[in-house]
Amino acid sequence: MGTWDGILTGFAVALHPSVLIYCVLGVVLGTVIGVLPGIGAMAAISLLLPITFYISPEAALVMLGGVYYGAQYGGAVASILLRLPGTPQSAVTTLDGYPMAQQGRAGVALFASMMSSFVGSVIGIVALVWLSGWLASIATEFGAADYAAMMVLGLVAASTIGSQRPAKAFAMVVLGLILGCVGTDVNSGASRLTFGRTELLDGINLVALAMGLFGVAEVIGNIRDAERKGVPEHVNLRQLIPTREDLRRMTLPTLRGSALGCFFGALPGTGSTISSFLSYATERRIARQPEHFGNGAIEGVAGPEAANNAAAITAFVPTLTLGIPGDPIMALMLGALVIHGIQPGPMMLDAHPDMFWGLVVSFGIGNLLLLILNLPLIGIWVSLLRIPFRWLYPAIIVFVCLGVYSVRGSTFDIAAVAVIGAAGYLLALARFNPALLLLGFVLGPLIETNLRRAMLISRGDPMVFLERPISAFFVAVTVLLILGSLLGVWRRAKKAATPTG
Amino acid sequence: MQRDYHDLWGGAAMTATGAAVALYCLGHYDFGTMRQMGPGFFPVVLGAILAGLGLLIAIPAWFRAGVVAPFAALDAVVVLAAIAIFGFGLTRLGLVTSTASAVLIASLAAPRGGWLWRIILALVITVLTWVIFKQGLQMTIPVWPDF
């Protein structure tokens, strides 16, 4: 199917009232979730997952996608107004967004984040169409060794790129891989690490793990801090209007951020959080006056916001064309598809073109809606920040429990959420990144299956990973990343050892 | 000397977990060969790697000063108790009773005195969950205790 036919099919699917309403619902819900600190897209999508059993697969994916990129728009609001990131992806926006707000330019900062988010998304959509077509055409060449090598690269990239403490990051990935082993081993049928619990035979429930690590752990960590933050000032429409100079300074950072986001979003493992940090670092490095950064530089808002939105869109590339989720949120999306009997992979573009193109067009509609709705509604989003956290978190706890329970009607999973939540809080306290744990958990079983298959085909010869050109390329990049990160650790250690005056 | 206790304990916990997993799986599951990996291969190797990484994290932390972040133990206990009550009560006490009691318990952690707002909050959330999950999504859960 050609691109134009595809887009026409997509409009037919996405504009159908039964899908359009879920698109609107998804983006509005996503914005609300993004604005409110303490709950992110991860918890929201876990909560909505059981609801998707009741609607068509197109509507389900369109809604969950809308929550994901809608949260990217909303996340910037709390970052700019309260220096409290609404979502991890918008943490970097606090660095210059909050100083802008203190200088009375909150409205302009909000405009910059919305506008560059929109541009980033549009560029991301173009990249999604182009990359998916290209990847699907070469993915039929991929063997078990290539899949395994690519996923290992993804995990290594996620724990080394932009990471100050690669050992801690990688420990989280490995812990996630171990948790992914729990349950029945697909190759031999042996039940591993279940300690006799029949509830664990299917493995640890992904929704319980995600909710424990992100919902419960974040609630515990936020109860006291969230109360101390002040209330945001009122922002009206007139304050949103940027000057000509602002627009000029936003343009190039937005485009560069979008390009970075498209690349790192499509790579499994790295995603919108890493893209936004890299975009900020890039802008500061190439700026003529780097001293403006941290004191309200509009470039530091535009670049990262464009990057995280572009990455949120291109994250669908490996998920849809290879069936490999690039981040934990994509794993939940993949789960939603599998529930409906759709197995994403190289064949999906041919087997379910209406699904793929409907999603692409819905991204366009959803982002346009967000841009049109959010600017006039900014007053409402700001007033959401006035809701005290003590009214919200008991509701979050109850919804988390019911959401987990509804997946398979098991109170064992509610108990699991409590245990995982406690562990997650301790991990967060020791500054381990739980997102990497979840990534390892999701990719673990896929890596193990492909690794064992590759070794069986090669008769136990590990050289197979270097003999196949595709996998050799992934192995080479992985080795480079590890060496680069060891060099970084060594340099920092040397710097710390020789005190500079 | 004030050491970096977060990394020290974090690393030690990783080493302990990794070693426990590796030893347990080595004892209980077939390791297999490179050609025909058994169910034990992956967890044993991963457990060993995790134990090693834990040491890499913990040992430098011993020689480094660090700042200890406050530990919200009370908040954690209250939130976990609310979840436990909810999980225990859902099928036994019904949706309404377990939601209201979970909200009341969870609200104990809030740094704000008074009982009226807690009771109103419990009522509002209970009605909301009943409308969304029972009326909207038609979940098969008891609403009231089954006497």
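Derivation of every value follows stated rules applied to the coordinates shown; laboratory data play no part. All of these numbers come straight from a predicted model, not from anything done at the bench. Cβ atoms come from the backbone with ideal geometry, glycine included; neighbour counts cover every protein chain shown.
Mind putting a number on the dipole of the stretch A:90-232 about its Cα centre? Charges go on the C-beta only, +1 for Lys and Arg and -1 for Asp and Glu, and I need it in Debye to the nearest 20.
Details: 8 positive and 9 negative charges, 102 e Å.
Using only the charged Cβ atoms, the result is roughly 480 debye.
Partner shielding of A:432-439 amounts to 1, given as the average count of beta-carbon atoms from other chains within 10 Å of each residue beta-carbon.
Of the residues A:13, A:405, A:53, the one whose Cα sits farthest toward the positive end of the charge dipole of chain A, with +1 on the Cβ of Lys and Arg and -1 on the Cβ of Asp and Glu, is A:405.
In terms of the mean number of neighbouring beta-carbon atoms within 10 Å, the peptides A:447-460, B:92-105, A:307-320 order highest first as A:307-320, B:92-105, A:447-460. In order along the stretch A:432-439, phi translates into HN-Hα couplings of 9, 8, x, 4, 6, 4, 5, 4 Hz, rounded to whole numbers, per the Karplus curve 6.51 cos²θ - 1.76 cosθ + 1.60 with θ = phi - 60° and x for Gly and Pro. By how many degrees, 0 to 90 and rounded to 10, does the Cα axis of helix A:272-286 deviate from the longest principal axis of chain A? Orientation of helix A:272-286: about 50 degrees from the principal axis.
Treating the beta-carbon of each Lys and Arg as +1 and of each Asp and Glu as -1, no other charges, what is the dipole magnitude of the protein assembly as shown about its Cα centre, to the nearest 20 debye? Could the numbers behind the result be given before it?
On the way: 36 positive and 30 negative charges, 327 e Å.
With only Lys, Arg, Asp and Glu charged at Cβ, the dipole is about 1560 debye.
Of the residues A:382, A:232, A:213, the one whose Cα sits farthest towards the positive end of the charge dipole of the protein assembly as shown is A:232 (charges of +1 on Lys and Arg Cβ, -1 on Asp and Glu Cβ, taken about the Cα centre). For the pair the stretch A:295-345 and the stretch A:129-157, the centres of their Cα atoms are 16 angstrom apart. Prolate is the label for the stretch A:1-110, because a/c, from the alpha-carbon gyration tensor with a ≥ b ≥ c as root eigenvalues, is 1.5 or above and a/b exceeds b/c. The simple Förster model, with R0 at 60 Å and r as the Cβ-Cβ distance, assigns residue A:486 and residue B:120 a FRET efficiency of 0.60. First check a/c for the stretch A:131-256, with a ≥ b ≥ c the square roots of the eigenvalues of its C-alpha gyration tensor; if it is under 1.5, answer rounded, and if not, answer prolate when a/b is larger than b/c or oblate otherwise. Judged from the Cα gyration tensor, the stretch A:131-256 comes out oblate (a/c at least 1.5, b/c at or above a/b). Each peptide among A:163-170, A:200-207 gets the average number of other Cβ atoms lying within 10 Å of its residues, and from highest to lowest they stand as A:163-170, A:200-207.
For peptide A:44-51, compute the average count of partner chain beta-carbon atoms within 10 Å of each residue's beta-carbon.
Numbers: counts 0, 0, 0, 0, 0, 0, 3, 4.
Counting Cβ atoms of other protein chains within 10 Å of each residue's Cβ and averaging gives 1.
Under 5 Å between amide hydrogens, built in the peptide plane, is the criterion, and for residue B:3 it picks out B:66 among residues at least 5 positions away or on other chains. For residue B:32, nonlocal amide neighbours, meaning residues 5 or more places apart or on other chains whose placed amide H falls under 5 Å from its own, are B:38.
Each of A:332, A:87, B:8 was placed along the dipole of the protein assembly as shown (beta-carbon charges, centred on the mean Cα), and the one lying farthest toward the positive end is B:8.
For residue A:343 and residue B:137, what is the calculated FRET efficiency with R₀ set at 30 Å and r taken between the beta-carbons, to the nearest 0.05? List each step's numbers first, then the result.
Values: r = 26 Å, r/R0 = 0.87.
So, using R0 = 30 Å, E works out to roughly 0.70.
To the nearest ten degrees, helix B:41-62 and the longest principal axis of the Cα atoms of chain B are 90 degrees apart. Close amide H contacts of residue A:192 (hydrogens built in the peptide plane, cut-off under 5 Å, sequence separation of 5 or more or a different chain): A:183, A:184, A:185.
Going by a ≥ b ≥ c, the root eigenvalues of the Cα gyration tensor, does the stretch A:3-496 fall in the rounded group (a/c under 1.5), the prolate group (a/b larger than b/c) or the oblate group? Walk me through the intermediate numbers first.
On the way: a/c = 1.35, a/b = 1.31, b/c = 1.03.
Rounded is the answer for the stretch A:3-496, as its axis ratio a/c remains below 1.5.
For the peptide B:133-141, the mean number of other protein chain Cβ atoms found within 10 angstrom of a residue's Cβ is 3. If you fit an axis through the alpha-carbon atoms of helix A:389-408 and take the longest principal axis of the Cα set of chain A, what angle between them do you get, 0 to 90°, nearest 10? Approximately 20 degrees, to the nearest 10. Karplus-derived 3J(HN,Hα) values for the stretch A:300-316, using 6.51 cos²θ - 1.76 cosθ + 1.60 with θ = phi - 60°, are x, 9, 5, x, x, 5, 5, 5, 5, 6, 4, 5, 5, 7, 6, 4, 6 Hz; glycine and proline are entered as x. Peptides B:10-21, A:356-367 ranked from most to least packed by the mean count of surrounding Cβ atoms within 10 Å: A:356-367, B:10-21.
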